[in-house]
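To keep things clear, I will list the structure first and then write my remarks on it.
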Amino acid sequence: MSKPRLFFLLLFILLAASRLCHVAILWEGDAYPLAAAGQMLHGSMLYRQIWFDKPPLLAIAYLAIGAHAGIPLRVAGALYAFLACLIAYGFARDLWGKREALWAAGLLGFFLTFDFPSAVMPVASDLLMLAPHLAAVWLAWKRRAFWSGAMAAVAFWVSPKGLFVAAACAVWFPAGIPLMAAGFAAVSAIAVALLGACGALEPYWQQVWIWGRLYAGSTFLENPLRNGLLRTANWAGFHVAIVLAAAWFARKRESLRWVAWTILAFLGVAAGLRFFPRYYFLLLAPITLMAARGFTLMGRRRELIALLLLIPATRFGLTYATALRDAAWRDTAMDRDSRTAAAAITARATPQDTLFVWGYRPELYVYTGLKAATIYLDSQPLTGVPADRHLTSSEPVETEEAAHRRRQLAGANPAFIVDGLGLYNPKLAITQYPELKTWLSHYQEIARTSGSVVYRYAARTATVRSSTRTASQETR
């Protein structure tokens with residue numbers, strides 16, 4: 001076997017093995033698009049019958065694995081990460097040569113493994129945008145402007161931050177901007193036409209852009225700029241090897257477009273002033289490629305800089321052993337609670353039963369496999385409090401629309417309700433809303449975990465109990 005083939009074989013083994021350690025865990029970034037895709041397979045229409053505040057390609061991507069968790073999910077994640085590495089390889093090879101290409105693929109694969117598990121394990125919107133991001137800029141460099149714009153549009157329909165990808169493409173090939181705009185418009189026109197044909201265009205606008213603006217326009221942080229500086233410094237510390245190598249390359253005059261790309265990527269990270277670890281995948285794309293060239297220019301210094309890769313390897317390598325045990329791991333406490341609550345439901349449910357979840361616990365739909373009883377997969381649009389703060393804060397970003405949606409909710413008739421929020425934040429418990437009190441009076445609590453309260457429709461509970469007594473009497 002040739003050395004390049006052995007390299008890519010080992011790279012894929014690393015990506016696959018690391019993800020299979022998380023085969024029994026659902027991270028938040030997994031659960032939301034998985035739940036939406038699962039409801040699509042139940043026959044519901046995205047946006048029109050499923051509230052989903054992300055662009056459609058995120059949920060559609062999960063249809064490729066049949067909305068299955070477990071091994072299919074993790075293997076798909078490994079394949080996607082491997083695809084991103086192959087694109088980085090091709091871009092670096094065309095720019096400089098095979099040495100830089102191997103560095104680019106290896107470094108990207110390394111940092112798609114050794115980072116916060118909640119960021120690198122789920123193929124959420126920020127990670128799903130990585131491959132089209134790299135491909136779009138590569139195509140811009142190759143002067144294939146139309147297809148560059150088309151790939152930027154794919155990134156945009158995964159995440160609104162795809163607009164920063166489009167801007168980076170324009171930096172790389174300013175003369176191609178008209179054709180890039182045509183490619184972007186062509187893909188977007190297809191997406192808009194499909195949404196319109198399904199009657200989902202207006203709800204898409206409301207959920208992704210109106211609600212998204214409310215979410216992005218407010219922050220739960222007292223000092224978001226200081227938080228941003230701290231988190232960026234932490235990211236640079238864990239990625240210090242490629243930051244230094246990229247800086248080494250950036251000294252060259254030919255790096256002006258790279259610096260501009262990096263600035264645009266960081267602006268995308270900073271949008272919304274939250275600086276979550278997963279947002280930095282936007283920045284990882286240019287930094288990794290610059291570092292690949294920087295390592296080849298360093299000469300013998302590269303061995304010393306490469307030793308700094310031990311920082312993330314030792315920090316995050318142990319999390320894979322922790323994931324295999326998944327016992328009392330604080331990071332997955334809510335996921336374990338959801339599994340317990342889901343088990344209490346599946347022990348009593350029939351395939352025809354429906355579920356409503358209060359709180360942001362979309363994994364419950366995945367674990368139970370039940371059809372959602374309402375358009376809402378979580379309670380953010382019902383409380384007006386975004387999930388990034390609702391465990392500790394009860395301050396809504398909207399009130400009138402949320403109250404209107406709660407009145408609509410009271411017309412639904414789910415077989416099971418799970419309040420996965422009230423035990424964390426009693427002010428936002430489902431029992432605290434006057435519009436829902438009469439509705440909730442028809443439900444009985446049947447199970448309680450450390451973080452969830454499970455209710456069942458009382459008439460159904462009484463019917464089941466009566467059937468059980470009758471069967472018992474007949475047996476006797």
Has region 185-192 got at least one residue that is part of a helix (DSSP H, G or I), of a type in the set (S, T, N, Q) and either modelled with pLDDT of 95 or more or within 20 Å of L267 (Cα to Cα) (or both)? yes
What's the number of the condition K252 fails, among (1) over 23 Å from L102 (Cβ atoms); (2) touching a Lys or Arg at 6+ places or on another chain (Cβ under 9 Å); (3) modelled with pLDDT under 90? (1)
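Which residues, counting only those in region 286-328, are at positive phi and either hydrophobic (A, V, I, L, M, F, W, C) or crowded, with 20+ Cβ neighbours inside 10 Å (or both)?
We begin by selecting, within region 286-328, every residue at positive phi; these are 299, 326, 328.
The answer is A328, and nothing else.
Each row is one residue, and each column tells you yes or no for (1) surrounded by 20 or more Cβ atoms within 10 Å (Cβ to Cβ); (2) touching a Cys at 6+ places or on another chain (Cβ under 7 Å); (3) assigned to a helix (DSSP H, G or I).
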| site | (1), (2), (3) |
| --- | --- |
| D53 | yes, no, no |
| L57 | yes, no, yes |
| A61 | no, no, yes |
| A76 | no, no, yes |
| A81 | yes, no, yes |
| Y89 | yes, no, yes |
| D94 | no, no, yes |
Could you list, in sequence order, all residues of region 341-365 that are within 20 Å of S379 (Cα to Cα) and among the β-branched types (V, I, T)? I345, T354, V357
Which residues, counting only those in region 65-80, are under 17 Å from Y32 (Cβ atoms) and aliphatic (A, V, I, L, M)? I65, A67, A69, L73, A76
Which residue is farthest from Y204 (Cα to Cα), if the candidates are limited to region 34-51 and must be part of a loop (DSSP other than H, G, I, E, B) and in contact with a Phe, Trp or Tyr (Cβ under 6 Å, 6 or more places away or on another chain)? W51
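Can you name every residue in region 77-96 that is over 22 Å from the mean Cα position of the chain (by Cα) and in contact (Cβ under 8 Å) with a residue 24 or more places away in the chain?
G90, F91, A92, D94, L95, W96
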Of the residues in region 222-261, those that are among the aliphatic types (A, V, I, L, M), surrounded by 15 or more Cβ atoms within 10 Å (Cβ to Cβ) and within 23 Å of F116 (Cα to Cα) number 8
Which residue is surrounded by the most Cβ atoms within 10 Å (Cβ to Cβ), if the candidates are limited to region 348-404 and must be of a type outside the set (S, T, N, Q) and touching a His at 6+ places or on another chain (Cβ under 8 Å)? G359
Of the candidates P178, P122, the one satisfying the condition of being part of a loop (DSSP other than H, G, I, E, B) and over 21 Å from I242 (Cβ atoms) is P122
Scan region 32-40 and give yes if some residue there is under 30 Å from C198 (Cα atoms), out of contact with any strand residue (DSSP E or B) (no Cβ under 6 Å at 6 or more places or on another chain) and among the hydroxyl-bearing types (S, T, Y), otherwise no. yes
Is it the case that some residue within region 156-173 is over 29 Å from W51 (Cβ atoms), surrounded by fewer than 17 Cβ atoms within 10 Å (Cβ to Cβ), more than 25 Å from the chain's Cα centre (by Cα) and free of Cβ contacts under 8 Å to residues at least 40 places away in the same chain? no
Considering residues of region 406-445 that are within 22 Å of Y215 (Cα to Cα) and among the aliphatic types (A, V, I, L, M) only, the residue modelled with the lowest pLDDT: L409
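Can you tell me which residues in region 273-320 are among the hydrophobic types (A, V, I, L, M, F, W, C), farther than 21 Å from A247 by Cα and either not assigned by TED's automatic domain parsing to the domain that holds A247 or not in a helix (DSSP H, G or I) (or both)? Spell out how you get there, then give the answer.
So in region 273-320, the residues among the hydrophobic types (A, V, I, L, M, F, W, C) come out as 273, 275-276, 281-285, 287, 289-292, 295, 297-298, 304-311, 313, 316, 318.
The next check asks that each one be farther than 21 Å from A247 by Cα; those that pass are 273, 275-276, 313, 316, 318.
Scanning region 273-320 gives L273, F275, F276.
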Check on A403, at pLDDT 90 or above, within 28 Å of R213 (Cβ to Cβ) and assigned to a loop (DSSP other than H, G, I, E, B): no
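The values are calculated or read from the model by the stated rules, or taken from the named source; none is laboratory data. Just so it is clear, the model here is predicted, and its values are computed rather than measured. So basically every Cβ, Gly included, is an ideal-geometry build from the backbone, and we count neighbours across all protein chains shown.
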